[in-house]
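Q: After the structure tokens below, expect a handful of questions from me.
The values are calculated or read from the model by the stated rules, or taken from the named source; none is laboratory data. Here the structure is a predicted model, which means the values were calculated and not measured. Don't worry about glycine lacking a Cβ; one is built from the backbone with ideal geometry, like all the others, and counts go over all protein chains shown.
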Amino acid sequence: MFLGKVQVLSNKRLSSSYYKIGLNCDSDLFKATPGQFVMLRLTSGIMPFLRRPFSVHNVTGKNNNGQCIDILYEVVGEFTGRLSEIRAGEWVDIMGPLGKGFALTENCSKIFIVAGGIGVAPMFFLSSYIIEKKHVDSLDIKVFLGARTKECILCRDDFYNLGLEIIVTTDDGSEGEPCFITSSVEAALAQSRPEIIFACGPLGMLKSVARIALKYGVPCQVSMESLMACGIGACLGCALEGNDESKYLHVCKDGPVFDACDIKFV
Ligand SMILES: Cc1cc2nc3c(=O)[nH]c(=O)nc-3n(C[C@H](O)[C@H](O)[C@H](O)COP(=O)(O)OP(=O)(O)OC[C@H]3O[C@@H](n4cnc5c(N)ncnc54)[C@H](O)[C@@H]3O)c2cc1C
Ligand code: FES
């Protein structure tokens with residue numbers, strides 16, 4: 001695990017309140033696998049005091065200045081607001097990679113990837129990682145992107161460039177079907193079942209994906225969110241109730257990616 005300062009290579013607004021920051025990465029960060037996260041802190045000022053968790057969006061390049069870790073983020077509060085003002089050449093404090101990412105099985109080739117809103121952040125890394133391990137020709141990956149509006153659809157071109165089939169829905173119907181993405185997932189499942197579903201997004205979406213996966217008997221892994229203080233299993237602040245009632249799960253250490261059957265969705 002790496003803990004220290006890294007230099008900002010780029011920080012661009014993509015649309016609406018979404019940004020992508022590229023960080024010059026240390027060799028340990030380079031070992032991140034899809035679904036793992038990093039904890040970021042600003043190097044100027046004391047506030048916000050606590051590091052904030054962000055999924056690894058992509059890891060690129062292998063030499064000198066080309067070694068880069070990307071974070072895709074939405075401005076929602078003080079930290080993300082200040083992060084959006086950082087310029088190339090400045091520094092951020094980073095700890096990672098952390099947590100358990102998506103468990104990839106060798107023999108799965110028919111895959112549904114379901115992302116709601118900023119939940120798309122770890123899914124591009126996941127898709128490109130799977131393609132790197134296998135070849136796109138031997139894979140059948142459908143990417144389901146759900147967003148509030150057309151402006152909030154993220155990474156569509158990136159998935160397209162990977163050669164993947166993309167299904168888009170928006171809550172307001174400004175692009176794709178006017179429905180939640182889970183309706184499209186269920187319609188596609190009813191026609192042809194994947195071997196596995198990977199999902200990341202708002203809690204309501206994950207709950208719905210988990211229910212659909214269970215109904216059709218398809219294994220499903222979900223990336224969960226929780227407020228985090230330490231990110232390494234020390235403060236117990238990120239506890240989630242597991243399906244086994246005697247057991248609490250910690251998002252930072254046991255996750256953030258879980259088998260959907262292990263989570264008690266309320
Ligand atoms: C494992 C993990 C991976 C994440 N990956 C990403 C990512 O790739 N991109 C991204 O934009 N965000 C991601 N998040 C969420 C991100 O950590 C928060 O949006 C960020 O900490 C907000 O900080 P802030 O100071 O800007 O906002 P705050 O002022 O702290 O919060 C603003 C609002 O967001 C809510 N909020 C803050 N943190 C969380 C959280 N962890 N879960 C649910 N609600 C929260 C607060 O309750 C408040 O309503 C991830 C969270 C986790 C746990
Ligand atoms: S954030 Fe401290 S235990 Fe998970």
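Q: Go through the stretch 231-266 and give me each residue that's within 13 Å of ligand 1 (Cβ to nearest atom) and β-branched (Val, Ile, Thr).
A: 232, 251, 257
Q: What pairs come out if I take residues in the stretch 67-87 that are in the same structural domain as residue 20 (by TED's automatic domain parsing) and more than 8 Å from ligand 1 (Cβ to nearest atom) and pair them with residues that are outside any loop (DSSP other than H, G, I, E, B) and of a type in the set (Ser, Thr, Tyr) whose C-beta lies under 9 Å away, six or more apart or interchain?
A: Matching pairs, first to second residue: 67/60; 68/10; 68/60; 69/60; 70/10; 70/60; 84/19; 84/73.
Q: Looking at 105, 149, can you tell me which residue is in contact with a strand residue (DSSP E or B) (Cβ under 8 Å, 6 or more places away or on another chain) and outside the structural domain of residue 238 (by TED's automatic domain parsing)?
A: On the way: 149 fails: outside the structural domain of residue 238 (by TED's automatic domain parsing).
Just one listed residue meets the conditions, 105.
Q: What is the number of the single condition among (1) at pLDDT below 95; (2) surrounded by 15 or more Cβ atoms within 10 Å (Cβ to Cβ); (3) of a type in the set (D, E, K, R) that residue 142 does not meet?
A: (1)
Q: For the stretch 16-31, state whether one or more residues are touching a residue at least 24 places away in the same chain (Cβ under 8 Å), within 22 Å of residue 253 (Cβ to Cβ), more than 14 Å from ligand 1 (Cβ to nearest atom) and in contact with a helix residue (DSSP H, G or I) (Cβ under 9 Å, 6 or more places away or on another chain).
A: There is no residue in the stretch 16-31 that is touching a residue at least 24 places away in the same chain (Cβ under 8 Å), within 22 Å of residue 253 (Cβ to Cβ), more than 14 Å from ligand 1 (Cβ to nearest atom) and in contact with a helix residue (DSSP H, G or I) (Cβ under 9 Å, 6 or more places away or on another chain).
Q: Of all residues being assigned to a helix (DSSP H, G or I) and β-branched (Val, Ile, Thr) in the stretch 182-225, which is nearest to residue 36 (Cα to Cα)? Just the residue, please. Walk me through how you get there before you give the answer.
A: Filtering the stretch 182-225 down to residues assigned to a helix (DSSP H, G or I) leaves 182-191, 203-216.
Checking which are β-branched (Val, Ile, Thr) leaves us with 182, 185, 209, 212.
Numbers: 182: 24, 185: 24, 209: 21, 212: 25 Å.
Among those residues, the one meeting the criterion is 209.
Q: Looking only at strands (runs of 3 or more DSSP E) that lie completely in the stretch 20-128, which have at least 1 residues being over 30 Å from residue 169 (Cα atoms), over 19 Å from the mean Cα position of the chain (by Cα) and more than 16 Å from ligand 2 (Cβ to nearest atom)?
A: 37-42, 91-98
Q: Which numbered condition in (1) touching a strand residue (DSSP E or B) at 6+ places or on another chain (Cβ under 7 Å); (2) more than 19 Å from residue 199 (Cβ to Cβ); (3) at pLDDT 95 or above is the only one that residue 236 fails?
A: The single condition residue 236 does not satisfy is (3).
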